[in-house]
Amino acid sequence: MAHYDAILLSSFGGPEGQDDVIPFLRNVTAGRGIPDERLEEVAHHYRHFGGVSPINEQNRQLKAALEAELAKRGIDLPVYWGNRNWAPYFGDVVAEAERNGHTELLGLVTSAYTSYSGVGQYREDFQKATAGTGVAIDRVREYFDHPGFVQPFIEGVQDAAAELAAEGVAADRTHIMYVTHSIPTRASQESGAGFEDRVGTGEGGAYVAQHLGVAQVINEAAASSSPWSLVYQSRSGAPSTPWLEPDINDAIEELAVGGLTDAIVIVPFGFVSDHMEVMWDLDNEAVETAGEHGLKVRRVPTPGVHPAYVAGLVDLVLERVNDVPEAERPHLTALGPWPDHARVAGGAVLDPAQEATSR
């Protein structure tokens, strides 16, 4: 059994007021030399909601839900919460944990899939946060196909399909769009480095393979006979840099112009909560695009604090605490269970052979 004395709920962070928006975006884009004038083009998404991203409050709720689930199971592990890009920052939280005598942390990262932004950047920030300290951080594996993460989406697809059917929309005239964050195509391809035995050598690497696998699982479990596709959102960066496509808005327009559907179901299965990119890019822009073409639309909820998701995260904690063998770890696709991560201690990655550099 591994010894951990605390859990670190690890997330992206977000502004909590109008004055926070530009400083937050500077943190997110640090090192890229993007002027404030360009950041303001993105800032209006946050300013539309009073400068407050919902992600921090959602993480407070998730922290409370995790604490309740741990207590229910009799597991004595305090839960800390830290962010990459806004307070509470990882460095401050690690310092607090060390003052409290907690030096063996297990990270629960609010990113379910394999990519540099979902794995590599968290690892780098853990290194910075632990540098010069006596604190070590392990993290749970990517849980894209863990039953606790997938179940809320299955229920959401079933509910959306039932609502549309009650309104007289036939299943074959309903298109299900499984949507996730777009990333540069090169980053997607590199996400499979070191894992070719699992994802093959085709385009898209682990990132695309994981999403396709989970979409198939959701569709089959929901007993859906509707056509479906994998689409992307929130593309950013230089126009000359290729990113994963199609964008959800382009895909909606193509379906509508072709007369191929009467309704769409948006499944934001790349995300664990209804944060800004879900609220703006989907609930605002994608829903508006569908409305412009006269299409009915339903947007499936993200896991948030769904009981299955919260219980699944605690299961992932116990998986590491009890060093559960890979063969006994739950997974719903042929890609899983994804391997554990290398340990980060004192700013160094321990056992680097275990960690593919491009994850």
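The values are calculated or read from the model by the stated rules, or taken from the named source; none is laboratory data. On a predicted model such as this, the values are computed, not experimentally measured, just so you know. Glycine gets a Cβ as well: all are built from the backbone with ideal geometry, and neighbour counts include every protein chain shown.
Tabulated values for the structure
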| quantity | calculated |
| --- | --- |
| Residues within region 322-341 that are over 14 Å from VAL109 (Cβ atoms) and crowded, with 16+ Cβ neighbours inside 10 Å, tallied | 9 |
| Subset of region 1-23 [assigned to a helix (DSSP H, G or I) and in contact with a helix residue (DSSP H, G or I) (Cβ under 8 Å, 6 or more places away or on another chain)] | GLN18, VAL21, ILE22 |
| Positions within region 38-81 being outside any helix (DSSP H, G or I) and touching a Ser or Thr at 6+ places or on another chain (Cβ under 8 Å), in sequence order | PRO54, TRP81 |
| Identity of the residue in region 319-353, over 16 Å from ALA136 (Cα atoms) and in a helix (DSSP H, G or I), that ends up modelled with the lowest pLDDT | ALA353 |
| Selection within region 232-268 - among the charged types (D, E, K, R), farther than 27 Å from ILE154 by Cβ and in a loop (DSSP other than H, G, I, E, B) | ARG235 |
| Any chance SER225 is surrounded by 13 or more Cβ atoms within 10 Å (Cβ to Cβ), assigned by TED's automatic domain parsing to the domain that holds ALA166 and of a type in the set (S, T, N, Q) | no |
| In region 189-214, residue nearest to TRP338 (Cα to Cα) [restricted to those that are of a type in the set (S, T, N, Q) and under 17 Å from the mean Cα position of the chain (by Cα)] | GLN210 |
| So ALA129, is it of a type in the set (A, V, I, L, M), crowded, with 23+ Cβ neighbours inside 10 Å and not in a strand (DSSP E or B) | yes |
